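This report refers to the structure that appears directly beneath it.
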Amino acid sequence: MEKKKSRLIFSPSPAAPPPSPIPTGKGSRSAADQILSEYIDKSIQIPELRLARQVQVHQFKPEEISYESLQMREKDSVRGLMRSVRELGVFKIIDHGISTEELRVALGNSEGIFGLMVECCTRYGDHEKLVWRGDDNQIIEEATAMIGEQKLQVLRQKVERVARQLEGIAQELSEVIGDVQLGESTLSIYSYHPPNIIHPTSSTPQISAPYAFTLHLLLDPTQLCLQDLSFRTTPDTIVVTMGQEIEERSLGEFKSSQGKLLLKPFLHINRPSFSIEQKWSASNAVGDLRNAVGESNKIISLSDQILILLLVAFLYNSLSYIFS
């Protein structure tokens, strides 16, 4: 017994064989269990486990900017706008002052206008697009016959008023983005409804010509998809998307989302959902926009200007009092 024990302890082999779990003497069962447990603890090597790297999802959301703060050139708003333009090519404008309820009602009462058999009216599987041409006599005649003169007159007033307001916002944005000289614009009205299962057609948007930026005035809650990014908007939100012209003239500083944004309005049971799109091209006089990003950091907000004026007035009064 002693020889076996000495062989076990002084064995020259690097890895000793495991002790027998079978007890060899009286009252030695617990001792054998302890020796075996110690051997197992020393022998087992737990491999190092590493979790797979999580896929990095782009969590950046388009900035939501108040139009009033943009008009006052508040530093935070301008920086947020420029960051969205660089990262995604999309941002949102709220509190713009455009009243859309009357337009929404007028479009609902004039739903038949989307059935015009004219070139500017395009039908897809789940929506119709009407390029607005309020001064086209042929379209006016056909629209009058379709929905009536009174409804058409009300619709024209509402649409043209919104178009002027969107133009003012576009002019403001062109100055903030980098003194972009606006060229021609195109106004389109969209009507969304459940897919037509009788005559299904592709709802994939057609490839459009390059443009500077587009203003989407959403009259209903909408889900927007931009590649792997999805976000919701509330009614009366303006979603601004950058086009290829801005990306090219900024030499890649600004990102284009042209052809990448998909709008999915939440549908109603008793009426279609609507949105207005105003697309702007840039004139040939547009210069290099690379310095727009740097210039945005140099903008002094209106609140900072007032603070500076108050400080100057205080110093002036203090010096006048001292030297008087």
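Derivation of every value follows stated rules applied to the coordinates shown; laboratory data play no part. Computed from a predicted structure; not experimentally measured. Neighbour counts run over all protein chains shown; Cβ positions are idealised from the backbone, glycine included.
Observations on the structure shown:
- With K and R counted +1 and D and E -1, the other residues having a Cβ less than 9 Å from that of Thr186 yield a net charge of -1.
- Extension gain from Gln181 to Arg232, taking 0.36 nm per residue of separation minus the Cα-Cα distance: 15.3 nm
- R0 of 41 Å, Cβ-Cβ distance Ile308-Glu87: FRET efficiency to nearest 0.05: 0.85
- Of the trypsin sites (Lys or Arg not before Pro) found in the range 121-199, those in coil by DSSP whose Cβ has at most 16 other Cβ atoms within 10 Å are Arg133.
- About the Cα centre, charge dipole magnitude for the range 64-303 (Lys/Arg +1, Asp/Glu -1 at Cβ), debye: 460 debye
- Loop GluC sites (Glu not before Pro), the range 82-149, which have at most 13 other Cβ atoms in a 10 Å radius of their Cβ (DSSP): Glu119
- Phe266-Gln165 FRET efficiency (beta carbon distance; Förster radius 25 Å; 0.05 resolution): 0.55
- In sequence order, the range 220-233 has phi-based couplings of 9, x, 9, 9, 10, 10, 10, 6, 8, 9, 9, 8, 9, 10 Hz under the Karplus curve 6.51 cos²θ - 1.76 cosθ + 1.60, θ = phi - 60°, and Gly or Pro positions carry x.
- Shape call, the range 64-303: gyration tensor on alpha carbons, a/c limit 1.5: prolate
- With the simple spin-label model, which puts each label point 7 Å out from Cα in the Cβ direction, the Thr122 to Ser66 separation comes to 3.8 nm.
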